[in-house]
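The values are calculated or read from the model by the stated rules, or taken from the named source; none is laboratory data. As the structure is a computational prediction, the values presented were derived from the model and not from experiment. Ideal geometry is used to build each Cβ from the backbone, glycine not excepted, and the neighbour counts take in all protein chains shown. Just the protein is used for accessible areas: all its heavy atoms, side chains included, with ligands, DNA and RNA removed. Shrake-Rupley method; radii C 1.70, N 1.55, O 1.52, S 1.80 Å.
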Amino acid sequence: MSDPIARMNVLVDELLRHNRLYHEQNAPEISDLEYDRLFRELEALEAQLPLLVRADSPTRKVGSAPVSELQPFVHAVPMLSLQNGYHKAEPAWGGPWEDLLEWERGKPDRLGGLRRVLGADAPEAIAYVVEPKLDGLAMELVYQDGAFVAGGTRGDGTVGEDVSHNLRTIQNLPKRLTGAPAGRITVRGEVLFDLAGFERMNAEREARGEKRFENPRNSAAGTMRQLDPRLAKDRPLQFFAHSAGEHPEPPARHSELLEQFRAWGFTVSPLVRRCEGIDAAIEAVKVIEAQRADLPYEIDGAVVKVDEVALQEALGFVTRSPRWALAFKYLPAQVRTRLNSVLFSVGRTGQVTPVAQLEPARVGGVTVRNASLHNEHQMRRVLGLRVGDTVTIQRAGDVIPEVVGAVDEPGREDRPFIEYPNECPDCGHPLVRSLADESKPDMVQIRCPNSFGCPAQVEGALRHFASRLAMDIEGLGEKLVEQLVAADLAKRPSDLYRLAEKKAQLVALERMGETSAQNLLDAIEVSKGRPLERGLMALGVPMVGESTAKELARAFRGMDAIVAADVAALDAVPNIALTTATAIRGFFEDEGNRAEIAALQAAGVRFVPPAAPAAGTLAGKTFVLTGTLPTMGREEMKAKLEAAGGKVSGSVSKKTDYVVAGAEAGSKLDKAVELGVPVMDEAAALALIAGEA
Ligand SMILES: [Zn+2]
């Protein structure tokens, strides 16, 4: 693309979308490698055009904000992500380990250039610690005087979700530390499934008629987000410690910190090695890779860190990552198996996607039965698949397994190619082909247009509408949705609110009865009062996840205003990009969607707008909290500020109105001073809330 500004915008929007898919929906569409490629392309463009870097650019923050009803968990020291290096299949000069050599000896660009940054201070052999890169869920644990008090996910690096209740159920997570110093210590690491336990759990689920979990990392994330800790208790999760956030007496070496962790009672990977010099570190990286397939848990690379803390401090940071650490990714695990057939699956929006049905095969410790073929172009033109092909599949991290190619073998050319059906596999309606983007003729979208008559779409839309993050209709699960659709009791969400009139038919459903029917009707009644933002999620407005829904609700304060808003008004909402605004507008311009919203409102769904802030309070003011407040936790202060109409943000920017700082305030305070943002203490903040200042 010739226009770098337009390209930057496209990249920001794409990366934000993939962030949402990864962090909020646990449904990534692209591999880590591909994500990283887009990310680096954006970084390069931004380096050329620093004045045009968008405020919402993903290069400026890590991951995305919390999504569930769990409480926010603030990281006193931000949890940063590591820069990545890759095993090079086609190295330019240094062999597969080129990125590691480059990191130590190269130019001081994104990959570090440790020696050149240290200059004359560089020791003859830099000591490194090499650790397996565990493919789990990043977590921070807080210990006060040796006792476990709380823990939370990484989230956007500054604020994650408090999952203390689930962490307490993890058996190898020490609830009391042996011999740790007094004060506050935060320990970071990964929560993950032991693979044998994961398979055992899947076998038990199948025996109970439940669906298998496909992927250990996603299942670990899903488990940690459960509100009820009894679920986590039954699942074989483990915690591995790898670094510290706050530490009252930090050791001089990373390797000593890991020794401390072991002494305190944490599990630290036994594969960790301290190495003198980068060549020894590369050997250790190879040793870990050689053991990869036999490990009891999943890894996708090795992390190499500079051991001496003094050197780490001298090396500092490259934008958002420490220069002194590199996550080196191995090539994705691949295996060959047979393609038995292709299933064409119809999604909630009618999009038809091909899914390879495979002879079950173990890849990287997990049994894979189906794999993504992405779209027609990939299946037909790129892979040219035929039924019975021997195919190579790969699993990289937590991305859905994919077919990377077919093996050339005799007789193959006699078999016909697999073609897309002309009719919807679910309802028989002719499928429609369209080009989402004129500039990409490869990306044909194939949809079933029969939105309200196609069972797959109707069921998908109803399931989505009733789901926990949407209208949260208790008891309306997959099976019941299927029954309602089959009995012609519901075709679209508004039909749910008319079920009371058809109670006799409802009671007559298999496994239903009077009591269950009444419980369902009660749950549907309760859902009429759900907040506006959940209504937006429930309708399945494209590109609207939880955070965008909240922004819309806050900005427009009513469903009718959102339905009427034009692209310019939508684009003016904070954190909503033009592409998102256009997609939202397209949804609300659709007559069918408008009619459905009107029907929901007529049936009594209120789409309750957020409470308007009371007059004379902190409406429109943004606060950032940092440090330890004298009489209350930051959560309590946050609640008070929000109750008064204020907004609490995780990071200081020019848009911040006030920073509330307590003892041991860190970089946020420095940033506030640098930007000239007013700083106040707890007492002043309370006075402001009370309207006295
Ligand atoms: Zn259909």
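Assorted remarks:
- None of Ala263, Ala241 is at pLDDT 95 or above and open to solvent by 30 Å² or more (accessible area, probe 1.4 Å) except Ala263.
- Asp426 at pLDDT 90 or above, open to solvent by 30 Å² or more (accessible area, probe 1.4 Å), within 16 Å of the ligand (Cβ to nearest atom) and in a loop (DSSP other than H, G, I, E, B): yes
- Restricting Val285, Val272, Val304, Val352 to those that are within 16 Å of the ligand (Cβ to nearest atom) and buried (at least 17 other Cβ atoms within 10 Å of the Cβ) reduces the list to Val352.
- Single residue of Ser516, Ser547 found to be within 30 Å of Leu688 (Cα to Cα) and hydroxyl-bearing (Ser, Thr, Tyr): Ser547
- Among the residues of region 143-158, those that are hydrophobic (A, V, I, L, M, F, W, C) and open to solvent by less than 30 Å² (accessible area, probe 1.4 Å) comprise Ala147, Phe148, Ala150.
- All of (1) open to solvent by 20 Å² or more (accessible area, probe 1.4 Å); (2) of a type in the set (Asp, Glu); (3) not in a loop (DSSP other than H, G, I, E, B) hold for Glu246 with one exception: (3).
- Some residue of region 385-407 being in a loop (DSSP other than H, G, I, E, B) and within 16 Å of the ligand (Cβ to nearest atom): no
- Residue check, Val159 out of contact with any Pro (no Cβ under 8 Å at 6 or more places or on another chain), in the same structural domain as Gln226 (by TED's automatic domain parsing) and not hydroxyl-bearing (Ser, Thr, Tyr): no
- Residue within region 671-691 that is free of Cβ contacts under 8 Å to residues at least 40 places away in the same chain, of a type in the set (Asp, Glu), closer than 27 Å to Pro58 by Cβ and touching a strand residue (DSSP E or B) at 6+ places or on another chain (Cβ under 9 Å) present: no
- Inspection of region 511-530 identifies no residue that is of a type outside the set (Val, Ile, Thr), in contact with a strand residue (DSSP E or B) (Cβ under 9 Å, 6 or more places away or on another chain) and within 18 Å of Gly586 (Cα to Cα).
- Test result for Ala564, of a type outside the set (Val, Ile, Thr) and more than 30 Å from the chain's Cα centre (by Cα): yes
- Residue within region 108-115 that is farther than 30 Å from Arg20 by Cβ, at pLDDT 75 or above, open to solvent by less than 20 Å² (accessible area, probe 1.4 Å) and part of a loop (DSSP other than H, G, I, E, B) present: yes
- Residue within region 442-451 that is more than 32 Å from the chain's Cα centre (by Cα) and either within 16 Å of the ligand (Cβ to nearest atom) or in a loop (DSSP other than H, G, I, E, B) (or both) present: no
Results for (1) under 17 Å from Ala583 (Cβ atoms); (2) in the same structural domain as Leu480 (by TED's automatic domain parsing); (3) not charged (D, E, K, R), shown as yes or no for each residue.
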| position | (1), (2), (3) |
| --- | --- |
| Leu536 | yes, no, yes |
| Leu539 | yes, no, yes |
| Val544 | yes, no, yes |
| Thr548 | yes, no, yes |
| Leu552 | yes, no, yes |
| Arg557 | no, no, no |
| Ala561 | no, no, yes |
| Ala565 | yes, no, yes |
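- The selection criterion, being farther than 30 Å from Glu459 by Cβ and either open to solvent by less than 10 Å² (accessible area, probe 1.4 Å) or polar (S, T, N, Q) (or both), does not hold for Ser345.
- Filter pass, Met379 being more than 16 Å from the ligand (Cβ to nearest atom), part of a loop (DSSP other than H, G, I, E, B) and surrounded by 14 or more Cβ atoms within 10 Å (Cβ to Cβ): no
- Top-ranked residue in region 469-483 [being of a type outside the set (Asp, Glu) and in contact (Cβ under 8 Å) with a residue 24 or more places away in the chain; ranked as surrounded by the fewest Cβ atoms within 10 Å (Cβ to Cβ)]: Gly475
- Sole exception among (1) more than 16 Å from the ligand (Cβ to nearest atom); (2) farther than 21 Å from Arg37 by Cα; (3) open to solvent by less than 30 Å² (accessible area, probe 1.4 Å); (4) not hydroxyl-bearing (Ser, Thr, Tyr) for Gly364, by number: (3)
- Restricting region 45-98 to residues that are polar (S, T, N, Q) and open to solvent by 40 Å² or more (accessible area, probe 1.4 Å), the residue that is modelled with the highest pLDDT is Gln71.
Residues are listed down the side, and each one gets a yes or a no for (1) among the hydrophobic types (A, V, I, L, M, F, W, C); (2) modelled with pLDDT of 85 or more:
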residue: Arg585; (1), (2): no, yes
residue: Phe588; (1), (2): yes, yes
residue: Ile597; (1), (2): yes, yes
residue: Gln601; (1), (2): no, yes
residue: Gly604; (1), (2): no, yes
residue: Ala639; (1), (2): yes, no
residue: Val652; (1), (2): yes, yes
residue: Tyr658; (1), (2): no, yes
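- Set Ser451, Ser494: member being in contact with a helix residue (DSSP H, G or I) (Cβ under 6 Å, 6 or more places away or on another chain), modelled with pLDDT under 90 and buried (at least 17 other Cβ atoms within 10 Å of the Cβ): Ser451
- Condition met for Ser345 (within 16 Å of the ligand (Cβ to nearest atom), part of a strand (DSSP E or B) and of a type in the set (Gly, Ala, Ser)): yes
- Residue match in region 327-338 (condition: open to solvent by less than 40 Å² (accessible area, probe 1.4 Å), within 16 Å of the ligand (Cβ to nearest atom) and either under 21 Å from Arg415 (Cα atoms) or outside the structural domain of Leu295 (by TED's automatic domain parsing) (or both)): no
- When Glu459 is tested against (1) more than 16 Å from the ligand (Cβ to nearest atom); (2) closer than 21 Å to Gly592 by Cα; (3) in a helix (DSSP H, G or I), just one condition goes unmet, and that condition is (1).
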